[in-house]
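*Asks:* My questions will all concern the structure given below.
The values are calculated or read from the model by the stated rules, or taken from the named source; none is laboratory data. Bear in mind the structure is a predicted one, so any value in this text is a computation, not a measurement. FYI the Cβ positions are ideal-geometry reconstructions off the backbone, even for glycines, and counts take in every protein chain you see. The accessibility values were calculated without ligands, DNA or RNA, using every heavy atom of the protein model including side chains. Shrake-Rupley method; radii C 1.70, N 1.55, O 1.52, S 1.80 Å.
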There are 2 protein chains.
Amino acid sequence: MQQELVARIRLIRTASIGPVTYRQLLARFGSPQAALDAIPDLASRGRGRAPAIYAEHGALKEIEKVERLGARYLVLGQGLYPSALAEIDDAPPLLIVKGDTRLLDRPLVAMVGARNASAAACRFARQLAHDLGREGVVVVSGLARGIDTAAHDGALASGTIGVIAGGLDVFYPPENEERQRRMFEEGLVVAEMPPGTEPRARHFPYRNRIIAGLSLGTVVVEAAPRSGSLITARLAGEMGREVMAVPGSPLDPRAQGCNGLIRDGATLVQNAADVLEVIRPIGSGMVASPRGPYAAVSTEPAAEPDEGERRTIEDLLGPSPVPVDEIVRLSGLSAGAVQLMLLELDLAGRLDRHAGGKVSLQPA
Amino acid sequence: MQQELVARIRLIRTASIGPVTYRQLLARFGSPQAALDAIPDLASRGRGRAPAIYAEHGALKEIEKVERLGARYLVLGQGLYPSALAEIDDAPPLLIVKGDTRLLDRPLVAMVGARNASAAACRFARQLAHDLGREGVVVVSGLARGIDTAAHDGALASGTIGVIAGGLDVFYPPENEERQRRMFEEGLVVAEMPPGTEPRARHFPYRNRIIAGLSLGTVVVEAAPRSGSLITARLAGEMGREVMAVPGSPLDPRAQGCNGLIRDGATLVQNAADVLEVIRPIGSGMVASPRGPYAAVSTEPAAEPDEGERRTIEDLLGPSPVPVDEIVRLSGLSAGAVQLMLLELDLAGRLDRHAGGKVSLQPA
């Protein structure tokens, strides 16, 4: 058990192995150890240098830190790992959680919004979270300033889950330290990154996919155009989850993001009853199948590709990101074969994976 | 020409002959005079007393008043009568208009909303009307207080049409007299009722159908639940026209009506560009075919019904309003035959016509 966890940690903490690559390696090689063993060979077929595998002692140290924090791992595909999150293509291979994991078993709804939201919007979010909690819904948010904070506070008594961008022992923003510590005790805090990780800008979109992926639906309360909250909403939509938004006056610049979402098809919600009406048809815990890029990656094993096929794939790739779908279609090869070759290029450090299931080849 | 107009006025000003009955009479008898002549016979077949036909001298006096006002008639099915309005089943047989009738030839968009709207919403409406005007759109509204007034004012320079519930020489609310007089000169004012008619509560829904029926779409700005503006929006939707609403904060009670419309499928609009995007696909002057109750009434002539069929129809009717569709279906008779019998009952003073194409029979 411990051995397998160590292998999983080494795999996912290896630079250049992201959740999609991780999942494909496991699907192809059956166990994390077998995947680790296969990497050098795969990378050489991809005509690149094999990535430096994350060291065993690093993994052991991470496990020790997690235990010292009173936290635990949830492993994709095993035990308590939330099944709604497992549905998404780039599901985190490992979650590190501290608090009441039973909250994951109840209907989850995400609430996100602006860090600099108006006082009225924060009050509204707190009340909505409270009302949702009274109906048995667990509120998921990001432990950020503004709407996130209000949502957690409103739902603290009934159940709330905070997903953070850094490690569990890092408190960001600093004024939320007490809140995060309280949620260790009375709620649940979820991190994808190992303890000690300071959150960086690039971590937030990853954090956002977990918020959306855990939840039956995402409610956006007051968000500026092009804000992180809208990214979370977009991800939720791509995952086939419900996207809901609280409207505002066109005269209020802080309402533009939400009004835009509603124009684009999000459901207008004004209270907990509206939210419940939207999520109820899906049932408690059941989620719709993902559509869009999340549905595009198959994990079936494929036959060994030959040299001509490798050539074809490399010729189709370039510095501009293209959808994997399109490469499959243009190559005339099976999706499994294409993905195996992309995996090899990835492990050889030559492939970049982009949002929306796109890939590009690094210039030689 | 004058003779035919007199006959039309006598027909529609006859108590118990509404626009639907008028249209069916014309379709069946070809000319307004032939319809007038047929009424006693039809009413006796409907086993009731024939309605007192509106007197010729009354019609002549009305024409004189209209001329003295510098106004004119637009006749359904003739000349300048706006074709979008002619599409609806209960189109007014006659409109009395004063002002620039060329405005009817441009793309029309209705703007409606609360009489007691907030100052911010009125300012918003004025700006939206102004911006729509700059894009060549003519703004239609109801010359009421609040949003209507703001919409007319914003569009006065570019072109605006006021539809009023009473006669053209009646000014309601009184403080809008100067505005209405200005619109006689610089815009267009439309009335269904003859001069001298004081508007009553029951006139406003009729007025609202003209606002919706003239327009490619209706924009609702700040409306309370169960308000007249929402009736206009519902009518627009039933006519197959675009329904648009300006959102507001859930904390603002005056936003409830619009937010509810958006939840129910109206398009959220925040500015003139949003409105233009919605109405453009329909084209200028072209309107979608009506759906719902407006599509239910056929005007084809039908064969003479026999006694057994009359019996069937009377048995199917009762004091509760039922859709004409349903009577057609349950009777197994043709739509034309059913409508002819309903027409007879109507002229016999025994039938009531209700919203949504429903009818009921008066208790004996």
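*Asks:* Go through (1) under 14 Å from the mean Cα position of the chain (by Cα); (2) over 22 Å from residue B:12 (Cβ atoms); (3) at pLDDT below 95 one by one and return the number of the condition residue B:233 breaks.
*Replies:* (3)
*Asks:* Select, from B:105, B:89, the only residue that is under 23 Å from residue B:216 (Cβ atoms), of a type outside the set (Val, Ile, Thr) and surrounded by fewer than 17 Cβ atoms within 10 Å (Cβ to Cβ). Working first, answer last.
*Replies:* Numbers: B:89 fails: surrounded by fewer than 17 Cβ atoms within 10 Å (Cβ to Cβ).
Only one candidate passes the filter, namely B:105.
*Asks:* For region A:46-55, enumerate the residues that are out of contact with any Ser or Thr (no Cβ under 6 Å at 6 or more places or on another chain) and either open to solvent by less than 80 Å² (accessible area, probe 1.4 Å) or of a type in the set (Ser, Thr, Tyr) (or both). Talk me through it step by step, then tell me what you get.
*Replies:* Taking region A:46-55 as the starting set, the residues that turn out to be out of contact with any Ser or Thr (no Cβ under 6 Å at 6 or more places or on another chain) are A:46-50, A:52, A:55.
The answer is A:46, A:48, A:50, A:55.
*Asks:* Okay, next question. Residue under question is residue B:221, and the condition is that it be of a type in the set (A, V, I, L, M), open to solvent by less than 10 Å² (accessible area, probe 1.4 Å), farther than 26 Å from residue B:9 by Cα and over 19 Å from the mean Cα position of the chain (by Cα); does it hold?
*Replies:* Details: of a type in the set (A, V, I, L, M): yes; open to solvent by less than 10 Å² (accessible area, probe 1.4 Å): yes; farther than 26 Å from residue B:9 by Cα: yes; over 19 Å from the mean Cα position of the chain (by Cα): yes.
Here the answer is yes, as residue B:221 does meet what is asked.
*Asks:* If you don't mind, there's one more thing I want to ask. Check off (1) open to solvent by 30 Å² or more (accessible area, probe 1.4 Å); (2) modelled with pLDDT of 95 or more; (3) in a helix (DSSP H, G or I) for residue A:11 and give me the number that stays unchecked.
*Replies:* If we test residue A:11 against (1) open to solvent by 30 Å² or more (accessible area, probe 1.4 Å); (2) modelled with pLDDT of 95 or more; (3) in a helix (DSSP H, G or I), just (1) comes out false.
*Asks:* Same structure again: Here are some residues: B:48, B:58. Which one is farther than 30 Å from residue B:153 by Cβ and modelled with pLDDT under 95? If you could, list the steps in order and put the result at the bottom.
*Replies:* Details: B:58 fails: modelled with pLDDT under 95.
B:48 is the lone residue from the list that is farther than 30 Å from residue B:153 by Cβ and modelled with pLDDT under 95.
*Asks:* What are the pairs, 6+ residues apart or on separate chains, where a residue within region B:259-273 that is more than 8 Å from every other protein chain (Cβ to nearest Cβ) has its Cβ under 8 Å from a residue that is assigned to a loop (DSSP other than H, G, I, E, B) and open to solvent by 20 Å² or more (accessible area, probe 1.4 Å)?
*Replies:* Pairs found: B:260/B:225; B:272/B:135.
*Asks:* Give the residues of region B:348-364 that are of a type in the set (A, V, I, L, M, F, W, C) and within 21 Å of the chain's Cα centre (by Cα), sorted by residue number.
*Replies:* Step one: list which residues in region B:348-364 are of a type in the set (A, V, I, L, M, F, W, C), which gives B:348, B:351, B:355, B:359, B:361, B:364.
Across region B:348-364, the qualifying residues are B:351, B:355, B:359.
*Asks:* Looking only at region A:147-187, which residues are buried (at least 24 other Cβ atoms within 10 Å of the Cβ) and charged (D, E, K, R)?
*Replies:* A:148
*Asks:* Next question, about the same structure. Select from region A:228-258 the residues that are open to solvent by less than 20 Å² (accessible area, probe 1.4 Å) and more than 10 Å from chain B (Cβ to nearest Cβ) and list them in ascending order. Steps first, answer last, please.
*Replies:* If we filter region A:228-258 for residues that are open to solvent by less than 20 Å² (accessible area, probe 1.4 Å), which is where we start, we get A:229, A:232-233, A:235-237, A:239-241, A:244-248, A:255, A:257-258.
Result: A:229, A:232, A:233, A:235, A:236, A:237, A:239, A:240, A:241, A:244, A:257.
*Asks:* Please find, within region B:274-294, the residue that is modelled with the lowest pLDDT out of those that are open to solvent by less than 40 Å² (accessible area, probe 1.4 Å) and within 11 Å of another protein chain (Cβ to nearest Cβ).
*Replies:* For region B:274-294, the residue satisfying everything is B:278.
*Asks:* Related question: Can you tell me which residues in region B:107-121 are at pLDDT 95 or above and of a type outside the set (Gly, Ala, Ser)?
*Replies:* Across region B:107-121, the qualifying residues are B:107, B:108, B:109, B:111, B:112.
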